[in-house]
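Since the structure comes first, as C-alpha cells, the remarks are kept for the end.
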Amino acid sequence: DQQVKQNSPSLSVQEGRISILNCDYTNSMFDYFLWYKKYPAEGPTFLISISSIKDKNEDGRFTVFLNKSAKHLSLHIVPSQPGDSAVYFCAASRYGQNFVFGPGTRLSVLP
Amino acid sequence: NAGVTQTPKFQVLKTGQSMTLQCAQDMNHEYMSWYRQDPGMGLRLIHYSVGAGITDQGEVPNGYNVSRSTTEDFPLRLLSAAPSQTSVYFCASSETGTRWLFGSGTQLSVL
C-alpha cells in the first residue's frame with residue numbers, strides 16, 4: 001500500500017493560470033516533505049520543501065501548503081509557464097531521512 | 001561540473017548476468033542513495049549510505065548489493081539480473097540527508 005499518493009496522473013493547465021498539484025500521505029509520523037520536478041531523460045531536481053511545523057512555504061512562483069490534519073499537501077505554481085511542463089513528485093519522510101516518493105503527476109502547461 | 005555522475009546511461013543484460021552501476025559525486029556529500037523508478041510507482045529506495053563504510057537497506061534491497069569504500073563513490077551491484085529489475089536507476093547525494101541531488105539515471109533492461 002502506497003504511503004504517498006498522487007491521485008492525478010496528469011494535469012493540463014493554460015499558460016499564465018494556476019497549477020495545483022496534490023499529494024496525500026498515510027503515515028502520520030511523516031514530518032518533512034519535498035517536491036521534485038523531473039524532465040524526460042534527466043534526474044529529479046529539488047523544487048521546494050516544507051516541515052511539519054509550518055503550513056506554508058513560498059519560493060518565487062512555487063508555494064507548498066501542508067494540512068497535517070488531512071495528511072495532505074499541495075503545490076501551487078503561479079503563473080504557470082510552458083517550461084514547468086514536467087513530472088512532479090511529492091516525497092515524505094520522518095526526520096528528513098529515507099524519503100518515500102509518490103508516483104508523480106505529469107503537468108502540461110499549454111501555450 | 002559538480003554533480004552526481006552515473007554510468008552507464010543505458011544497459012541491456014541477459015537474465016542471470018551480473019553488473020555494476022557506477023555513481024560518483026564530487027561535492028564531498030556524506031549521504032548517498034540508490035533509487036529505482038518504475039511506471040506508476042514513483043522512486044523507491046534500494047540502498048543508502050550515511051558515510052564511507054556505512055550502508056543500509058531501503059525499501060527494495062533484494063537482488064542488489066552496495067559498498068561505500070570512499071566518500072565519492074557508491075556503486076550498485078546486481079548479482080544475478082532478473083527481468084523484474086528492468087527499471088530506471090537513479091543515484092543521489094546529499095550534504096544533510098534532506099535535500100538530494102540526483103544523477104541523470106541509468107536505464108536498465110533485463111531480457
Check your understanding: Only one of these conditions is not met by A:Glu58: (1) assigned to a strand (DSSP E or B); (2) of a type outside the set (A, V, I, L, M); (3) surrounded by fewer than 19 Cβ atoms within 10 Å (Cβ to Cβ); (4) within 13 Å of chain B (Cβ to nearest Cβ). Which number is it?
Key -> (4)
Review point. Out of the residues in the range A:9-29 that are modelled with pLDDT under 95 and within 14 Å of chain B (Cβ to nearest Cβ), which is most open to solvent (accessible area, probe 1.4 Å)?
Key: A:Pro9
Check your understanding: Restricting the search to the range B:69-80, which residues are open to solvent by 10 Å² or more (accessible area, probe 1.4 Å) and not polar (S, T, N, Q)?
Key -> B:Glu72, B:Asp73, B:Pro75, B:Arg77, B:Leu79
Point to revise | the range B:81-101 - residue that is in a strand (DSSP E or B) and open to solvent by 20 Å² or more (accessible area, probe 1.4 Å) and, of those, farthest from B:Gln25 (Cα to Cα) | key: B:Val88
Point to revise | Selection status of A:Pro111, away from every other protein chain (no Cβ under 14 Å) and modelled with pLDDT under 95 | key: yes
Study note, to complete from the structure: Flagged in the range A:37-51 as surrounded by 15 or more Cβ atoms within 10 Å (Cβ to Cβ) and more than 8 Å from chain B (Cβ to nearest Cβ), in numbering order, are A:Lys37, A:Lys38, A:Leu47, A:Ile48, A:Ile50
Review point. How many residues are open to solvent by 30 Å² or more (accessible area, probe 1.4 Å), assigned to a loop (DSSP other than H, G, I, E, B) and over 14 Å from B:Thr98 (Cα atoms) if we restrict to the range A:74-99?
Key: 4
Exercise for review: State which residue pairs qualify: first residue of a type in the set (Gly, Ala, Ser) and inside the range A:20-37, second residue assigned to a loop (DSSP other than H, G, I, E, B) and open to solvent by 50 Å² or more (accessible area, probe 1.4 Å) in any location, beta carbons under 7 Å apart, and separation of 6 or more residues or different chains.
Suggested key: A:Ser28/A:Lys71
Revision key, fill the gap. Of (1) within 19 Å of A:Asn7 (Cα to Cα); (2) surrounded by 14 or more Cβ atoms within 10 Å (Cβ to Cβ); (3) more than 10 Å from chain B (Cβ to nearest Cβ); (4) not charged (D, E, K, R), A:Gly102 satisfies every one except (3)
Check your understanding: For B:Leu21, all conditions in the list (1) within 11 Å of chain A (Cβ to nearest Cβ); (2) surrounded by 14 or more Cβ atoms within 10 Å (Cβ to Cβ) hold save one; what is the number of the exception?
Key -> (1)
Review point. When the residues of the range B:73-111 are filtered to those that are among the charged types (D, E, K, R) and over 13 Å from the mean Cα position of the chain (by Cα), which remaining residue is farthest from the other protein chains (Cβ to nearest Cβ)?
Key: B:Glu95
Review point. Which of (1) β-branched (Val, Ile, Thr); (2) closer than 21 Å to A:Tyr25 by Cβ; (3) open to solvent by 50 Å² or more (accessible area, probe 1.4 Å) is the odd one out, the single condition B:Val50 does not satisfy?
Key: (2)
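The values are calculated or read from the model by the stated rules, or taken from the named source; none is laboratory data. Every value quoted in this text rests on a predicted model; they were computed, and no experiment measured them. With ideal geometry, Cβ positions are generated from the backbone for all residues, glycine too; neighbour counts draw on all protein chains shown. All accessible areas refer to the heavy atoms of the entire protein, side chains included, with ligands and DNA or RNA removed. Shrake-Rupley method; radii C 1.70, N 1.55, O 1.52, S 1.80 Å.
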